[in-house]
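Remarks on the structure that follows.
The values are calculated or read from the model by the stated rules, or taken from the named source; none is laboratory data. Owing to the predicted nature of the structure, the values given are computational and were not obtained by experimental measurement. All Cβ positions, even for glycine, are placed from backbone atoms using ideal geometry, and neighbour counts span all protein chains on display. Just so you know, the surface numbers come from the protein's heavy atoms only, side chains and all, with ligands and any DNA or RNA stripped out. Shrake-Rupley method; radii C 1.70, N 1.55, O 1.52, S 1.80 Å.
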Number of protein chains: 2
Amino acid sequence: MSGPAPTLRSLARTLGLSRTTVSDALRGSLRVDPATAARVKKAAREAGYRRNPLAGALMSELRRSRGTAFRGVIAAVDFHELDRPEYAARYHSELALGAQTRATELGFKLEKFIVGRAGLSVQRLDSILQSRGIHGVILLPAWGEPDLSNLDWTRFAGIYTDYIIERPALHSVCSDHYRSLLAALQRLAALGYTRPGLFLQKHQDERLQYRWGAAFRAFQESHAGIRPVPPLIAEKFSRETFTAWFQRHKPDVVLGHNTEAIDWMEAGGAQVPATHGFVSLNVLMKTRPCAGLDLLPRQLGARGAELLIAQLQRNETGIPEWPSTTTIPARWMDGPTLRSAPPSK
Amino acid sequence: MSGPAPTLRSLARTLGLSRTTVSDALRGSLRVDPATAARVKKAAREAGYRRNPLAGALMSELRRSRGTAFRGVIAAVDFHELDRPEYAARYHSELALGAQTRATELGFKLEKFIVGRAGLSVQRLDSILQSRGIHGVILLPAWGEPDLSNLDWTRFAGIYTDYIIERPALHSVCSDHYRSLLAALQRLAALGYTRPGLFLQKHQDERLQYRWGAAFRAFQESHAGIRPVPPLIAEKFSRETFTAWFQRHKPDVVLGHNTEAIDWMEAGGAQVPATHGFVSLNVLMKTRPCAGLDLLPRQLGARGAELLIAQLQRNETGIPEWPSTTTIPARWMDGPTLRSAPPSK
DNA sequence: GGACATTCTCGGACTGTCAGACTTTCCGAG
DNA sequence: CTCGGAAAGTCTGACAGTCCGAGAATGTCC
């Protein structure tokens with residue numbers, strides 16, 4: 001490259017102006033006399049000057065903050081649910097912790113609000129957020145699908161930590177259930193299992209637009225060596241329902257959320273992991289040691305906060321024109337409910 | 001909030017040292033007397049000092065380059081493919097245009113590189129990017145799955161505009177095929193179609209980990225009123241293959257990529273849209289007006305550039321610890337290949 | 001005791017921005 | 001006619017850190 005690239009300072013020297021006048025002119029500040037501004041822009045163009053946006057952003061942040069690392073507050077909004085299971089409460093805690101840690105790393109503070117408790121309505125939340133100068137809102141999952149259309153979204157950037165909710169349609173971040181189940185099934189196939197069986201509560205599949213079931217069938221269809229076991233997807237299932245399905249279809253490994261199924265398998269003569277395997281689809285739900293998927297709620301919370309803060313940094317409030325979903329694959333967790341190697345022939 | 005955060009300079013004042021000695025000590029430079037280094041580290045820990053990685057990276061680059069490196073540039077890397085279909089070339093152009101527009105909005109410039117053309121190897125690309133001071137790399141889709149592990153990713157932030165490639169595992173952004181097909185099928189059901197049929201080239205499903213097929217079956221399984229038509233997923237299909245499938249299973253609406261199928265349907269007696277419907281799964285591939293899915297490549301490119309620049313703004317280079325995929329649902333495009341209302345009873 | 005080498009530390013310089021301060025000009029009031 | 005305040009236009013201090021040349025202090029050798 002020939003010689004140093006032109007900078008604000010070199011332009012300023014050439015023009016006989018201060019670097020601030022040049023900076024202001026190029027940024028369109030009204031402080032600068034229009035004739036001076038035109039002169040600066042022309043010289044910049046002719047010199048091939050290109051602003052460094054990273055340097056600009058850093059210097060701006062540095063000047064604005066006056067040395068304090070504090071940049072703002074974002075809100076984590078939870079929904080009061082009396083019957084929330086304990087594992088879900090732990091999931092929410094992990095999400096919030098991840099969001100908090102990442103927010104802190106990025107110079108933000110995270111404050112929690114619980115809608116539906118202590119008279120906190122959506123309208124009241126709106127008022128509080130506005131009066132507190134909070135513009136970023138990260139929404140924790142809710143079993144019932146809350147309606148947040150009443151928040152004045154022109155003032156807020158928001159992100160769901162769940163699959164898309166649409167009321168309103170915001171960006172979202174969640175686990176990649178589809179891809180994680182496919183990867184888990186591949187792993188099980190590598191361990192020599194040939195008849196995996198999936199059991200699900202219907203609502204758990206529905207709220208993910210059937211991704212568990214879809215991934216399961218997609219895997220079966222695409223692997224000739226896998227003998228298809230119809231998944232058990234029931235409104236609500238009992239030991240009887242499960243056992244009937246298990247005896248009838250004889251899967252050699254079972255995947256599902258409820259680890260109580262291990263007892264039912266063993267009551268029916270199976271020995272885990274000697275004769276059959278078990279994999280939890282969410283290790284936060286396990287009640288005993290077993291293999292399974294860690295949906296990484298802490299990482300999801302962190303990514304959610306990160307994406308939200310990036311929106312704030314771009315000054316993007318309002319309902320996004322193209323809402324997107326960011327997914328992170330679950331992490332496989334080994335456990336004592338699987339054989340450790342394929343059976344020898 | 002309590003006072004300014006401790007900085008190198010404030011630590012230096014407290015310790016009676018220069019800011020350079022403090023900086024060197026904290027970075028482990030051997031220039032500093034070990035006893036002094038220990039003193040500095042202890043004081044930093046006690047003061048709660050947190051280094052700003054973005055400032056550090058910027059200053060380092062500033063000093064190293066002496067103003068000669070160009071900045072504020074990100075690279076769009078394409079792969080030379082002789083047999084790339086015309087629609088794919090248009091898809092790539094849309095991706096690049098979206099990335100370019102968004103980069104410009106965010107104060108960056110996008111430059112294109114084509115690996116495999118004019119002797120541009122991955123190693124040579126690495127050298128060029130480094131010498132040009134380019135740290136952000138957005139990777140356009142490739143039909144063959146390229147291996148970019150040879151880039152020195154410690155120096156670059158990268159993002160794929162395709163489904164995850166894993167060589168190496170970076171963040172990615174792409175269409176939400178699964179969710180888009182589900183939504184399309186729901187739309188068709190609302191128009192009164194009861195026997196949708198899907199035809200795909202096998203590779204097109206495989207490279208999306210079977211999401212087209214999975215969404216199709218998930219929809220069938222979850223809607224009692226839909227009579228199941230087995231999808232046609234073939235290595236390569238001809239008019240004969242398609243026609244046999246069409247005649248045998250009698251779908252009332254066909255979804256697929258290749259609009260030539262409309263001719264084949266009509267050759268078999270169907271009248272589109274009078275008796276049968278057709279939906280394109282990628283309107284960039286259509287050769288005639290029809291309904292279908294706009295995969296929004298321009299928006300995907302824009303989002304990709306945005307996510308990449310956010311990584312640069314956080315000074316995050318290297319292979320991410322938790323690579324994520326960001327998906328945007330396709331936009332439905334109405335067209336003359338569907339009935340405009342459900343048939344009256 | 002002077003010359004030289006080594007070790008340890010310091011300070012200039014710096015892809016841009018913010019906000020207060022300074023200079024110049026203009027105009028109304030006395 | 002003079003003076004003071006306001007506005008317009010521009011300038012300067014300061015700066016989440018790093019690199020590298022240079023200076024000061026110390027030790028060794030002749």
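Under the condition of being of a type in the set (Lys, Arg) and more than 12 Å from A:Leu185 (Cβ to Cβ), the residues counted in the range A:213-238 number 2. Would you say A:Arg45 is open to solvent by 50 Å² or more (accessible area, probe 1.4 Å), in contact (Cβ under 8 Å) with a residue 40 or more places away in the chain and within 25 Å of B:Arg132 (Cα to Cα)? Against the criterion (open to solvent by 50 Å² or more (accessible area, probe 1.4 Å), in contact (Cβ under 8 Å) with a residue 40 or more places away in the chain and within 25 Å of B:Arg132 (Cα to Cα)), A:Arg45 does not qualify.
Just the residues that are within 8 Å of DNA strand C (Cβ to nearest atom), within 16 Å of A:Pro6 (Cα to Cα) and either within 14 Å of another protein chain (Cβ to nearest Cβ) or open to solvent by 70 Å² or more (accessible area, probe 1.4 Å) (or both), please, taken from the range A:21-42. So that I can check it myself, show each step before the final result.
To start, the set of residues in the range A:21-42 that are within 8 Å of DNA strand C (Cβ to nearest atom) comprises A:22-24, A:26-27, A:29, A:31.
Imposing the further condition that a residue be within 16 Å of A:Pro6 (Cα to Cα) reduces the set to A:22-23, A:26.
Within the range A:21-42, A:Ser23, A:Leu26 meet the criteria.
Criterion first (among the basic types (Lys, Arg), outside any loop (DSSP other than H, G, I, E, B) and crowded, with 18+ Cβ neighbours inside 10 Å) does B:Arg102 satisfy it? Explain how you work it out, then say what you get.
Values: among the basic types (Lys, Arg): yes; outside any loop (DSSP other than H, G, I, E, B): yes; crowded, with 18+ Cβ neighbours inside 10 Å: yes.
For B:Arg102, the condition - among the basic types (Lys, Arg), outside any loop (DSSP other than H, G, I, E, B) and crowded, with 18+ Cβ neighbours inside 10 Å - is met.
Can you confirm whether the range A:50-57 contains a residue that is away from chain B (no Cβ under 13 Å) and open to solvent by 90 Å² or more (accessible area, probe 1.4 Å)?
Quick first cut of the range A:50-57, residues away from chain B (no Cβ under 13 Å) only: none.
Checked the range A:50-57: no residue is away from chain B (no Cβ under 13 Å) and open to solvent by 90 Å² or more (accessible area, probe 1.4 Å).
Scoring A:Arg303 on the criteria (1) assigned to a helix (DSSP H, G or I); (2) more than 16 Å from B:His171 (Cβ to Cβ) leaves a single failure, condition (2). Within the range B:200-215, track down each residue that is more than 19 Å from the chain's Cα centre (by Cα) and surrounded by fewer than 22 Cβ atoms within 10 Å (Cβ to Cβ). Within the range B:200-215, B:Gln201, B:Lys202 meet the criteria. Of the residues making up the range A:58-67, those that are near DNA strand D (Cβ under 9 Å from one of its atoms) and either open to solvent by 20 Å² or more (accessible area, probe 1.4 Å) or in contact with a Pro (Cβ under 9 Å, 6 or more places away or on another chain) (or both) are A:Met59, A:Glu61, A:Leu62, A:Arg63, A:Arg64, A:Ser65, A:Arg66, A:Gly67.
The rows are residues; the columns are (1) in contact with a strand residue (DSSP E or B) (Cβ under 7 Å, 6 or more places away or on another chain); (2) within 13 Å of DNA strand D (Cβ to nearest atom); (3) within 25 Å of B:Asp126 (Cα to Cα).
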residue	(1), (2), (3)
B:Leu30	no, yes, no
B:Asp78	yes, no, yes
B:Leu82	no, no, yes
B:Ala89	no, no, yes
B:Ala103	yes, no, yes
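Please go through the range A:1-20 and give me each residue that is part of a loop (DSSP other than H, G, I, E, B) and more than 14 Å from every other protein chain (Cβ to nearest Cβ), ordered by number. Full working, then the answer.
In the first step, residues of the range A:1-20 are kept if they are part of a loop (DSSP other than H, G, I, E, B); the result is A:1-7, A:16-18.
A:Gly16, A:Leu17, A:Ser18 - these are the residues of the range A:1-20 that are part of a loop (DSSP other than H, G, I, E, B) and more than 14 Å from every other protein chain (Cβ to nearest Cβ).
Inspect all residues belonging to the range A:110-132 and state whether any of them is touching a residue at least 60 places away in the same chain (Cβ under 8 Å) and surrounded by fewer than 18 Cβ atoms within 10 Å (Cβ to Cβ). Break it down stepwise before answering.
Of the range A:110-132, the ones touching a residue at least 60 places away in the same chain (Cβ under 8 Å) are A:110.
Cutting the leftovers down to surrounded by fewer than 18 Cβ atoms within 10 Å (Cβ to Cβ) gives us none.
Checking the range A:110-132: not a single residue is touching a residue at least 60 places away in the same chain (Cβ under 8 Å) and surrounded by fewer than 18 Cβ atoms within 10 Å (Cβ to Cβ).
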